Amino acid sequence: MDKHEGRDAGTIRLDDPWYDALAVGWGEGEDTALQRPAPGGRPAPGASDIYVEVQRSAAFQEVRSRYRRFVVPATVGFFLWYFAYVIAATAAPGMMARPVVGSVNVALLAGLGQFLSTFLLTWAYARHARLRRDRAALDLRWTVFEQERGQERSRSRGEGR
């Protein structure tokens, strides 16, 4: 973070690629890389070109592919497990009522298994994101950030006009 000097000395500028300009006053300034949409709903020329270029890049496609390779099977597996529990509870109440230890029955263990599987899946997702996607996504974010800054500099020098 850098503090501004001069007229806006009380404001803080965040030079962080994770800083979300959209969440804190999108298009408020003339000198920002993101501009208000032009008439017709399209962004100002050049503002979205960086994002389209990044979206088409092999690095972005790899991050998305890694995301999908984890999320799709995990979601399908979790829903199958959830529906198996619901179907077993309604279609086989005798099996679900079978005692396992004392007053603990199959239904109670399966219900607790639902909670456990939710927490395990959350942990696995966070671990997968940290190990397989976060670094690549941050690299992409830095790339976009640097391209936006380069675009800003060229606009402030009058090169982009």
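Report the calculated FRET efficiency for Trp81 and Arg149 (r = Cβ-Cβ distance, R0 = 30 Å), to the nearest 0.05.
Working from the Cβ atoms, E equals 0.05.
What share of Cα pairs, in percent, lie more than 17 angstrom apart in segment 44-161?
Result for the distance tail: 70 percent.
So if each residue of separation counts as 0.36 nm, and I subtract the Cα-Cα distance between Asp49 and Phe115, what length gain in nm does that give?
Working it through step by step, the gained length comes to 19.4 nm.
Counting Lys +1, Arg +1, Asp -1, Glu -1, what net charge surrounds Arg56 among other residues with beta carbon under 14 Å of its beta carbon?
Net charge around Arg56: -2.
Go through segment 91-96 residue by residue and turn each phi into a ³J(HN,Hα) via Karplus (6.51, -1.76, 1.60, θ = phi - 60°); whole Hz please, and just put x for glycine and proline.
Result, ordered by residue: 8, 9, x, x, 5, 5 Hz.
Quick check: from the Cα gyration tensor, does segment 71-135 come out rounded (a/c under 1.5), prolate or oblate?
Oblate, because a/c is 1.5 or more while a/b does not exceed b/c.
For Asn105, which sequence-distant residues (separation of 5 or more, or a different chain) have an amide H within less than 5 Å of its own amide H, given hydrogens modelled in the peptide plane?
Residues meeting the criterion, in which the H sits 1.01 Å from N, are Val100.
Bear in mind these aren't lab numbers, they're just calculated from the coordinates by the rules spelled out. From a predicted model like this one, the values you see are computed outputs, not experimental measurements. Reconstructed Cβ throughout: ideal geometry from the backbone, glycine too, with neighbour counts over all protein chains shown.
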